[in-house]
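Asker: Supplied in structure tokens, the structure appears directly below.
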Amino acid sequence: INHMKTLLTAITVFILLIAQNLLAKTNISHAIAMHGEPKYDQNFISVEYVSNNAEKGGNIVRSAIGTYDTFNPFTLKGTSAAGIGLLYESLTVGSSDEAFTEYGLLAKSIEWPDDRSWVTFTLRDEAKWHDGKKITSDDVVWTFNTLMEKGHPFYKYYYGDVSEVIKITENKVKFEFSTNTNKELVLIVGQLPVLPKHYWENKNFEETTLDVPIGSGPYKVKSFDAGRSITYELDMDYWGFENNIVPIKVGKDNMGSIRYDYYKDRGVEREAFKSGEIDFFSENTSKEWATGYDIDAVTEGLIKKELIPHENPQGMQAFAFNTRKDIFADKRVRKALSFAFDFEWTNKNLFYGAYKRTDSFFENSELASSGLPSQAELAYLNPYIDQLPKEIFNEEYSNPKTDGSGFIRNELQEATKLLQEAGWKLRDGKLENSNGEPFEFEILLVSPAFERIVLPFIDNLEKLGINASLRTIDSSQYQKRIESFDFDMVVFTFSQSLSPGNEQRNFWSSGAADTNGSRNIIGIKNNVIDLLIENLINAKDREDLITISRALDRVLLWNYYVIPQWHISAYRVLYWDMFEQPKQKPKYSLGFDTWWVNQNKFNFINSQRSTN
């Protein structure tokens with residue numbers, strides 16, 4: 001008996017020690033950072049880039065291009081309405097002055113083990129849907145399962161390592177992972193938009209709909225004219241406003257109502273802004289920024305024209321090849337065509353010198369590669385030295401550079417050599433392959449503003465014997481063709497964050513290449529890139545993340561999947577002088593959600609516009 005008592009005591013102590021050890025390795029917090037500690041502690045009142053003077057109210061008009069046919073932005077089908085994300089909230093939300101930290105939104109606390117093999121969220125008791133029903137863990141579980149089964153393909157790649165979502169209690173939900181090496185999963189599952197189960201469960205989630213949806217955010221749909229406009233109104237009974245219980249939201253969401261009017265193209269939209277029909281406008285054309293606003297409203301200060309610097313990674317805007325097409329399958333061909341794009345002439349003559357050439361898929365950030373690979377990068381690249389372009393190891397990547405005169409004979413000669421090496425021959429001024437088939441392709445655009453940029457590129461291609469045509473289509477057609485990879489070449493932007501991870505699968509992985517709606521529009525199928533993506537997702541710390549990002553950058557660049565274009569590290573914004581902004585700007589966003597309307601200015605501006 002004494003022996004049994006001793007054994008039971010030992011077992012009990014052992015179990016307690018294990019339990020204590022497990023408990024010691026569990027973290028509970030208001031926020032979680034990818035690496036290091038959150039900037040704002042559990043007692044923070046608000047972020048630094050908001051103002052205590054912000055007021056709520058005022059009715060503003062913004063704009064969008066094209067049309068819309070659905071209020072469901074979570075599926076592949078249809079074009080969702082501008083601003084519809086204002087209705088929806090996630091478990092957590094990031095700050096705009098940290099690389100990657102998530103703070104509780106619908107969730108009041110986050111719990112996870114040191115190995116990040118699972119994460120649990122405890123929902124706020126106050127969190128409610130617009131119809132007054134409480135948000136519960138049932139909503140979270142239903143949302144995740146529905147998005148994985150019926151949502152946009154993005155969710156399957158982003159949350160591919162989530163094995164199960166479990167309801168613990170009405171207020172507590174747990175995400176189990178199939179791996180404990182995907183360190184960012186504990187953060188990105190918090191970004192999951194939570195949808196109301198009771199609203200959606202008897203509807204066809206996969207179909208487009210213009211039924212006004214229910215959300216949990218600070219705005220509701222007030223009215224809409226299908227495909228032409230939509231108005232959101234601030235819900236002063238929004239649960240998050242009560243006693244400022246959500247510090248990450250304090251000082252934000254200040255506009256009393258926001259109406260989005262749709263225009264058929266940017267030119268019409270721009271003129272509508274100038275005439276006072278739109279209150280805020282983001283200018284993306286350097287020519288218009290330089291010459292298009294020599295008007296009385298700007299001169300008199302009624303319209304503010306402001307260049308706001310930021311520290312956002314600029315990603316890669318580029319001519320993107322569809323490598324599924326035979327003519328673009330050879331890397332030498334893709335490299336050859338890069339010599340036909342004269343950025344220096346384009347920047348000088350079309351952009352008023354406003355831009356810098358983009359040299360990285362992680363431009364304007366510490367993630368961008370430069371020079372030759374470091375020893376740390378080589379540790380990731382050397383194992384695949386036989387599978388990678390040899391230039392990665394002994395040359396610094398650089399785009400072709402011209403003198404800006406428009407005469408690019410040397411560059412075209414380089415291109416011709418590469419094309420000949422790839423089996424293309426010039427016959428009677430036309431480039432043909434060994435079967436006598438001509439080198440011809442279509443450049444697909446959605447914005448007429450890009451035509452003046454693409455046409456000189458086409459002229460240079462013609463000198464190589466290549467017949468490139470230009471086609472501009474409306475936004476809905478364009479979206480469908482991009483989603484089904486029905487194009488030869490497009491102008492595309494691959495945006496990046498300060499903490500790249502799971503979304504890189506959707507951009508570059510072999511699996512995404514055959515999935516309609518993925519961001520791998522190029523059709524990349526590269527074993528080394530697949531491996532680097534997984535290494536990136538599993539980076540052990542910030543330094544390792546930077547190293548792997550730079551290595552991945554080099555492999556993408558040296559395979560010439562795109563012809564890089566340009567970037568600017570500032571927001572070009574214009575607005576009628578009715579807004580106020582916090583003195584401190586966020587590093588990584590425009591922060592328009594922190595602006596507010598000055599009612600006196602609003603009344604004055606409206607009186608001036610009505611007079612004119």
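The values are calculated or read from the model by the stated rules, or taken from the named source; none is laboratory data. Note that the structure is a prediction, hence the values are computed from the model and not measured. FYI the Cβ positions are ideal-geometry reconstructions off the backbone, even for glycines, and counts take in every protein chain you see. The accessibility values were calculated without ligands, DNA or RNA, using every heavy atom of the protein model including side chains. Shrake-Rupley method; radii C 1.70, N 1.55, O 1.52, S 1.80 Å.
Asker: Give me a count of the residues in the range 566-585 that are buried (at least 22 other Cβ atoms within 10 Å of the Cβ) and either among the polar types (S, T, N, Q) or under 20 Å from residue 357 (Cβ atoms) (or both).
Answerer: The total comes to 0.
Yes or no, residue by residue, for (1) surrounded by 18 or more Cβ atoms within 10 Å (Cβ to Cβ); (2) at pLDDT 95 or above:
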| site | (1), (2) |
| --- | --- |
| 158 | yes, no |
| 162 | yes, yes |
| 180 | no, no |
| 183 | yes, no |
| 201 | no, no |
| 206 | no, no |
| 228 | no, yes |
| 231 | yes, yes |
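Asker: Another one. Within the range 354-425, which helices (runs of 4 or more DSSP H) (wholly inside it) include 3 or more residues that are closer than 21 Å to residue 562 by Cβ and touching a residue at least 40 places away in the same chain (Cβ under 8 Å)? Give the derivation first.
Answerer: Numbers: elements: 375-381, 391-394, 409-421.
Per the criteria, 409-421.
Asker: Same structure, new question: Check off (1) open to solvent by less than 20 Å² (accessible area, probe 1.4 Å); (2) within 17 Å of residue 132 (Cβ to Cβ) for residue 212 and give me the number that stays unchecked.
Answerer: Checking residue 212 against (1) open to solvent by less than 20 Å² (accessible area, probe 1.4 Å); (2) within 17 Å of residue 132 (Cβ to Cβ), the one that fails is (1).
Asker: If you check residue 334 against the conditions, is it basic (Lys, Arg), open to solvent by less than 40 Å² (accessible area, probe 1.4 Å) and either touching a residue at least 40 places away in the same chain (Cβ under 8 Å) or touching a helix residue (DSSP H, G or I) at 6+ places or on another chain (Cβ under 8 Å) (or both)?
Answerer: yes
Asker: From the list 419, 461, 445, 455, which residue is under 22 Å from residue 345 (Cβ atoms) and touching a helix residue (DSSP H, G or I) at 6+ places or on another chain (Cβ under 6 Å)?
Answerer: Numbers: 461 fails: touching a helix residue (DSSP H, G or I) at 6+ places or on another chain (Cβ under 6 Å); 445 fails: touching a helix residue (DSSP H, G or I) at 6+ places or on another chain (Cβ under 6 Å); 455 fails: touching a helix residue (DSSP H, G or I) at 6+ places or on another chain (Cβ under 6 Å).
Going through 419, 461, 445, 455 in turn, the sole match is 419.
Asker: Does the range 466-475 contain any residue that is over 15 Å from residue 492 (Cα atoms), part of a loop (DSSP other than H, G, I, E, B) and in contact (Cβ under 8 Å) with a residue 12 or more places away in the chain?
Answerer: yes
Asker: I've got another one for you. Touching a residue at least 60 places away in the same chain (Cβ under 8 Å) and either over 30 Å from residue 432 (Cβ atoms) or open to solvent by 60 Å² or more (accessible area, probe 1.4 Å) (or both): is that true of residue 274 in this structure?
Answerer: no
Asker: Return yes or no: is residue 45 open to solvent by 10 Å² or more (accessible area, probe 1.4 Å), β-branched (Val, Ile, Thr) and within 17 Å of residue 250 (Cα to Cα)? Step through it out loud before you land on a result.
Answerer: Working: open to solvent by 10 Å² or more (accessible area, probe 1.4 Å): yes; β-branched (Val, Ile, Thr): yes; within 17 Å of residue 250 (Cα to Cα): yes.
Here the answer is yes, as residue 45 does meet what is asked.
Asker: Please go through the range 66-81 and give me each residue that is open to solvent by 20 Å² or more (accessible area, probe 1.4 Å) and not hydroxyl-bearing (Ser, Thr, Tyr), ordered by number.
Answerer: Across the range 66-81, the qualifying residues are 66, 69, 73, 76, 77, 78.
Asker: Still on this structure, I have one more. What number goes with the only condition from (1) more than 24 Å from residue 449 (Cβ to Cβ); (2) charged (D, E, K, R); (3) modelled with pLDDT of 95 or more that residue 344 does not pass?
Answerer: Only one criterion is unmet by residue 344, namely (1).
Asker: Can you name every residue in the range 233-256 that is farther than 15 Å from residue 127 by Cβ, over 25 Å from the mean Cα position of the chain (by Cα) and in contact (Cβ under 8 Å) with a residue 60 or more places away in the chain?
Answerer: Within the range 233-256, 234, 236, 256 meet the criteria.
Asker: Tell me, which helices (runs of 4 or more DSSP H) wholly within the range 519-612 include 3 or more residues that are under 30 Å from residue 274 (Cα atoms) and touching a residue at least 24 places away in the same chain (Cβ under 8 Å)? Step through it out loud before you land on a result.
Answerer: Details: elements: 527-537, 542-558, 599-611.
Per the criteria, 599-611.
Asker: Sort through 498, 426, 418, 444 and tell me the only one that's of a type in the set (A, V, I, L, M) and out of contact with any Ser or Thr (no Cβ under 9 Å at 6 or more places or on another chain).
Answerer: The conditions single out 418.
Asker: Another question, if that's okay. Output yes when any residue across the range 188-196 is in a helix (DSSP H, G or I), closer than 26 Å to residue 99 by Cβ and out of contact with any helix residue (DSSP H, G or I) (no Cβ under 9 Å at 6 or more places or on another chain), and no when none is.
Answerer: Within the range 188-196, the first condition is being in a helix (DSSP H, G or I), and the residues that meet it are 188-191.
So of that shortlist, the ones also closer than 26 Å to residue 99 by Cβ come out as 188-191.
From what's left, out of contact with any helix residue (DSSP H, G or I) (no Cβ under 9 Å at 6 or more places or on another chain): 190.
Yes, there is a match, as at least one residue in the range 188-196 is in a helix (DSSP H, G or I), closer than 26 Å to residue 99 by Cβ and out of contact with any helix residue (DSSP H, G or I) (no Cβ under 9 Å at 6 or more places or on another chain).
Asker: Same structure again: Could you run through the range 308-331 and say how many residues are part of a loop (DSSP other than H, G, I, E, B), open to solvent by less than 30 Å² (accessible area, probe 1.4 Å) and either closer than 27 Å to residue 589 by Cβ or basic (Lys, Arg) (or both)?
Answerer: 3
Asker: Next question, about the same structure. I'm trying to understand the selection: among the residues of the range 139-153, which are open to solvent by less than 60 Å² (accessible area, probe 1.4 Å) and either in contact (Cβ under 8 Å) with a residue 24 or more places away in the chain or farther than 24 Å from residue 215 by Cβ (or both)? Full working, then the answer.
Answerer: Here is the first cut: in the range 139-153, the residues open to solvent by less than 60 Å² (accessible area, probe 1.4 Å) are 139-144, 146-148, 151-153.
Matches in the range 139-153: 139, 140, 141, 142, 143, 144, 146, 147, 151, 152, 153.
Asker: Now a separate question. Which residues, taken from the range 127-137, are surrounded by fewer than 16 Cβ atoms within 10 Å (Cβ to Cβ) and either in a helix (DSSP H, G or I) or of a type in the set (Asp, Glu) (or both)?
Answerer: Of everything in the range 127-137, just one residue is surrounded by fewer than 16 Cβ atoms within 10 Å (Cβ to Cβ) and either in a helix (DSSP H, G or I) or of a type in the set (Asp, Glu) (or both), namely 131.
Asker: Take the residues in the range 82-100 that are touching a strand residue (DSSP E or B) at 6+ places or on another chain (Cβ under 7 Å) and of a type in the set (S, T, N, Q); name whichever of them is surrounded by the most Cβ atoms within 10 Å (Cβ to Cβ).
Answerer: That would be 92.
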